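To keep things clear, I will list the structure first and then write my remarks on it.
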Amino acid sequence: MADYDFDVLVIGSGPGGYVAAIRAAQLGLKTACAESRATLGGTCLNVGCIPSKALLHASELYEAAAGGALAKLGVKIDAMSLDLGTMHGQRLEAVNGLTAGVEYLFKKNKVEWLKGLATFESADTVTVAGRTVRAKNIIIATGSSVTPLPGVTVDNEAIVDSTSALELPKVPGRMVVIGGGVIGLELGSVWRRLGAKVTVVEYLDQILPGMDGEVRKEANKIFKKQGFEFKLSTKVTKVERNGAGAVLTVEPAAGGAAETIEADVVLVSIGRKPNTDGLGLDKAGITPNGRGQIEVNHEFETGVSGIWAIGDVVPGPMLAHKAEDEGIAVAENIAGLTGIVNHDVIPSVVYTMPEIAGVGLTEEQAKQTGEIKVGKFPMLGNSRAKTNHEPWGFVKVIADAKTDKVLGVWMIASVAGTMIAEAALGMEFGATSEDIAYTCHAHPTHAEAFKEAAMAVTGKPIHV
Ligand code: FAD
Ligand code: NAI
């Protein structure tokens, strides 16, 4: 290693960075990970996936109790109330447990945590909290942060971003969400379930951009029934504080008369941007692309030999599991093995109720590739969904008309996030719709709907 301090230095300890560091150490490489947060785990464990899912789970149970769904099952609760403090407490417990878990894994695998902000001095040298560190390989895994809305100041009280929206000290009466994407719908669901009237203002003509068109429409219908109000094709031109709350000025995206909406809390959730500011990338010889991302090759190496990048800071979906898989692959490539991520088969899940999930091509995208066949099965026809009183949604399998190879799977179902794993596995193995249709699925499970949707591609399902 000559005069290098480490074989591998990872910058950032999110799901990309911490997984890369652990795998590199497992492969016998002397590894350090720089992290400026007080705890390890990045956005995902501290202020993203984990705390949001803790609140989604708790608020779902609250709504089931408060809204009468439990009473319909014979579970009668005579007196109930919301204890928001305890709900936040269990959120923090999940975060603390998991971030401490990463620290434990670092110790176990002998990954050194360099506490502080890392800045490049040159292509192989970085300073962290006054310490200069030379590494043979440097992995940039600095993740992403909230995209600001020009002219709107997040004050973490009446105007919040995804982080402060996790920590609201009381349930707002009226919440306006700017952006009908994943964060808006997940965190909007949390506060709606706890009692807020939620209005979503979305610039495009439909929510959930990037997802299958039919899924987007159906999701919109289901969320409206739940009480969400949507203002589609609408742009926000101003957000100002108004006493304890805020007032938004909105107008049709195509132009037209403006109107105002009052809110107790406004959530700005219009996307995330890669973290490259302050990294000193110029000293390393790296220039981000027009979208602020760091470009890499198939092995996750940047244009500069020995500098690699993964996760939200590189192009592709900003998802924790994508970052993790890239983390494993980059460490294996550095160790001289062959680390590969199949970017065509990255599942995505929205953890609302019902959940929304997809993998592969949307029907719109698949049509561009040639002739396709589509099979659909409604969750209404699935016995487990029926028993659990979860009738919402459908499963849709999109296959190539000639080869029958599955090109994409989309679903709305209470447990779609779990069901989509089977679709991803099938696609990874090049499954045809017939392969899935002839695979025996346990009864009664929601997953039978996937089998029946596959049966619908070339023939007929049984239960509709
Ligand atoms: P990050 O997790 O962003 O971690 C990067 C880390 O690098 C940070 O801790 C940062 O402090 C550190 N860092 C940055 N610069 C430096 C520096 N110069 N020196 C030292 N440290 C530095 N994805 C899912 O797949 N499923 C979900 O359910 C999900 N839910 C989400 C909910 C919310 C509210 C949000 C905001 C995001 C959610 N995501 C979810 C997205 C997910 O969090 C990201 O895709 C994932 O965290 C990206 O991982 P990463 O390792 O690339 O970066
Ligand atoms: P997003 O990209 O999912 O949605 C942003 C929405 O805001 C889009 O619908 C967009 O059209 C709209 N928008 C943009 N500018 C606007 C404007 N000025 N006015 C009104 N609407 C506007 O981004 P979001 O929800 O902020 O999430 C960021 C990222 O975090 C996602 O891309 C996702 O990858 C990740 N994430 C993943 C989760 C999951 O996997 N379950 C959960 C939460 C976040």
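The values are calculated or read from the model by the stated rules, or taken from the named source; none is laboratory data. Since this is a predicted model, take the numbers as computed values, not measurements. Quick reminder, even Gly has a Cβ in these numbers, built from the backbone with ideal geometry, and neighbours come from all protein chains shown. Side chains are part of the model used for accessible areas, which takes the heavy atoms of the whole protein and leaves out ligands, DNA and RNA. Shrake-Rupley method; radii C 1.70, N 1.55, O 1.52, S 1.80 Å.
Within region 182-205, how many residues turn out to be part of a loop (DSSP other than H, G, I, E, B) and in contact with a strand residue (DSSP E or B) (Cβ under 9 Å, 6 or more places away or on another chain)?
Selection size over region 182-205: 3.
Specify the residue that is nearest to Ala20 (Cα to Cα); the eligible residues are those in region 287-299 that are without any contact (Cβ under 8 Å) to a residue 60 or more places away in the chain and in contact with a strand residue (DSSP E or B) (Cβ under 6 Å, 6 or more places away or on another chain).
Val296
For the subset of region 97-144 comprising residues that are in a helix (DSSP H, G or I) and open to solvent by less than 30 Å² (accessible area, probe 1.4 Å), which member is nearest to Ala21 (Cα to Cα)? Talk me through it step by step, then tell me what you get.
The first filter runs over region 97-144 and keeps only residues in a helix (DSSP H, G or I), leaving 97-109.
Then drop every residue that is not open to solvent by less than 30 Å² (accessible area, probe 1.4 Å), which leaves 99, 101-102, 106.
On the way: Thr99: 15, Gly101: 14, Val102: 11, Phe106: 8 Å.
Selected residue: Phe106.
Only one of (1) on the phi > 0 side of the Ramachandran plot; (2) open to solvent by 50 Å² or more (accessible area, probe 1.4 Å); (3) within 14 Å of ligand 2 (Cβ to nearest atom) is not met by Gly243, so which one is it?
(3)
Just checking, does region 396-410 include any residue being touching a residue at least 12 places away in the same chain (Cβ under 8 Å), among the hydroxyl-bearing types (Ser, Thr, Tyr) and out of contact with any Lys or Arg (no Cβ under 8 Å at 6 or more places or on another chain)?
Step one: filter region 396-410 for residues touching a residue at least 12 places away in the same chain (Cβ under 8 Å), giving 396-410.
Imposing the further condition that a residue be among the hydroxyl-bearing types (Ser, Thr, Tyr) reduces the set to 403.
Right, trim to out of contact with any Lys or Arg (no Cβ under 8 Å at 6 or more places or on another chain) and you get 403.
Yes, there is a match, as at least one residue in region 396-410 is touching a residue at least 12 places away in the same chain (Cβ under 8 Å), among the hydroxyl-bearing types (Ser, Thr, Tyr) and out of contact with any Lys or Arg (no Cβ under 8 Å at 6 or more places or on another chain).
Looking at region 63-83, is at least one residue touching a residue at least 40 places away in the same chain (Cβ under 8 Å), within 16 Å of ligand 2 (Cβ to nearest atom) and surrounded by fewer than 23 Cβ atoms within 10 Å (Cβ to Cβ)?
No, the conditions are met nowhere in region 63-83.
Residues checked against (1) surrounded by 17 or more Cβ atoms within 10 Å (Cβ to Cβ); (2) at negative phi; (3) part of a helix (DSSP H, G or I); (4) among the hydrophobic types (A, V, I, L, M, F, W, C):
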| position | (1), (2), (3), (4) |
| --- | --- |
| Gly375 | yes, yes, no, no |
| Leu380 | no, yes, yes, yes |
| Arg384 | yes, yes, yes, no |
| Val409 | yes, yes, no, yes |
| Glu422 | yes, yes, yes, no |
| Ile436 | yes, yes, yes, yes |
| His446 | yes, yes, no, no |
| Ala454 | yes, yes, yes, yes |
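Are there any pairs with C-beta distances below 8 angstrom linking a residue in region 272-284 that is more than 19 Å from Leu149 (Cα to Cα) to a residue that is among the acidic types (Asp, Glu), with the two at least 6 apart or on different chains, and if so which?
If the second residue must be among the acidic types (Asp, Glu), the pairs left are Gly280/Glu121; Lys283/Glu121.
Got a number for residues in region 17-55 being assigned to a helix (DSSP H, G or I) and either acidic (Asp, Glu) or touching a residue at least 60 places away in the same chain (Cβ under 8 Å) (or both)?
Of the residues in that region, 19 qualify.
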